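Data first, discussion second: the structure below is written as structure tokens.
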Amino acid sequence: MAGGRRAVRRPGEAGGDNVPVPEEDVWDLVVPLKPLTVAKSRLRGAAAAGVVVRPPLALAFAQDTVAAALACPAVAGVTVVTDDPLAAPELAALGARVFPDAPGGGLNAALTHGARLVRAERPGASVAALNADLPALRPAELARALSVAGRARRAFVADAAGLGTTLLTASRGTDLSPAFEGPSRARHLASGAREIRLPDIDSLRRDVDTPADLRIALSLGVGPHTTTATTGIFAKGGAFAEHPE
């Protein structure tokens, strides 16, 4: 395990960053990350340019996602579950706690494992699962969604396509019960989770699986790691092509 919990402060109040956020208003986030060599199979660079695209982009997406989450005043800490030897120290350096994917049973098993690790330390924690591929994520938009999520036992945010899920929350005393991958919006709705429908949370809904997704994320404005990664790719003559999984 690397990284650690941080003090949580609410900006914009008397005392600014020195005002703690009440315990019931803060969340511990769990972010799962596949090994970089197999992540983002629908993104690739032009083979003729000799550019290796997927691992650097997957890492950059995760770095910007974690950094934005840690900058959110409603987030107490971020736990990353990954077996990737390159990503683990990079994400720990940002302030995340990093644990190996001990179950090795896929995305939902990793999220359940991460939630259990959080609650082993803080039994009363509210936990949320967050995708690792949200490079345009804005801390304020995440905070707005988490504020609404606190009114329900379980809640979720659908992706921009309206099929998947980018955020799933479970308030204190409630199991996370993740059902990610594929048409997870329908599964989370069927499980009783409340859908969070807010305007102006585009950065939280814009996960990146395809070149088209990446172009839209870039138009929203991505974090520094993705900016650097994509600049390097384009500078080397890389191009993106749709690639079936």
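Contact map, the stretch 185-209: first residue free of Cβ contacts under 8 Å to residues at least 24 places away in the same chain, second residue among the polar types (S, T, N, Q) and part of a strand (DSSP E or B), Cβ cut-off under 9 Å, separation 6 or more or different chains; pairs are ARG187/THR165.
Of the candidates ALA47, ALA96, ALA87, the single residue that is within 26 Å of THR227 (Cβ to Cβ) and either at pLDDT below 95 or among the charged types (D, E, K, R) (or both) is ALA47. Can you confirm whether ASP64 is closer than 21 Å to PRO224 by Cα, surrounded by 20 or more Cβ atoms within 10 Å (Cβ to Cβ), of a type in the set (D, E, K, R) and in contact with a Pro (Cβ under 6 Å, 6 or more places away or on another chain)? Here the answer is yes, as ASP64 does meet what is asked. Taking the stretch 67-88 as the range and being buried (at least 24 other Cβ atoms within 10 Å of the Cβ) and over 17 Å from VAL26 (Cβ atoms) as the test, the residues that pass are VAL80, VAL81, THR82, ASP84, ALA87. Of the residues GLU24, GLU13, the single one that is exposed (fewer than 15 other Cβ atoms within 10 Å of the Cβ), modelled with pLDDT of 50 or more, of a type outside the set (Phe, Trp, Tyr) and over 16 Å from ALA87 (Cβ atoms) is GLU24.
For ALA58, the criteria (1) more than 24 Å from LEU43 (Cα to Cα); (2) of a type outside the set (Phe, Trp, Tyr); (3) in a helix (DSSP H, G or I) hold in every case but one, which is (1).
Scan the stretch 89-125 for residues that are crowded, with 18+ Cβ neighbours inside 10 Å and of a type in the set (Lys, Arg) and the total you get is 2.
Considering only the stretch 190-231, state which residues are polar (S, T, N, Q) and exposed (fewer than 13 other Cβ atoms within 10 Å of the Cβ). If you could, list the steps in order and put the result at the bottom.
At the first step, the residues of the stretch 190-231 found to be polar (S, T, N, Q) are 191, 203, 210, 219, 226-228, 230-231.
Passing the criteria: SER219, THR231.
Scan the stretch 176-189 and tell me whether some residue there is surrounded by 14 or more Cβ atoms within 10 Å (Cβ to Cβ), touching a strand residue (DSSP E or B) at 6+ places or on another chain (Cβ under 6 Å) and part of a strand (DSSP E or B). Scanning the stretch 176-189 turns up no residue that is surrounded by 14 or more Cβ atoms within 10 Å (Cβ to Cβ), touching a strand residue (DSSP E or B) at 6+ places or on another chain (Cβ under 6 Å) and part of a strand (DSSP E or B).
The values are calculated or read from the model by the stated rules, or taken from the named source; none is laboratory data. The shown structure was predicted, so the numbers you read here are calculated from the model rather than taken from an experiment. All Cβ positions, even for glycine, are placed from backbone atoms using ideal geometry, and neighbour counts span all protein chains on display.
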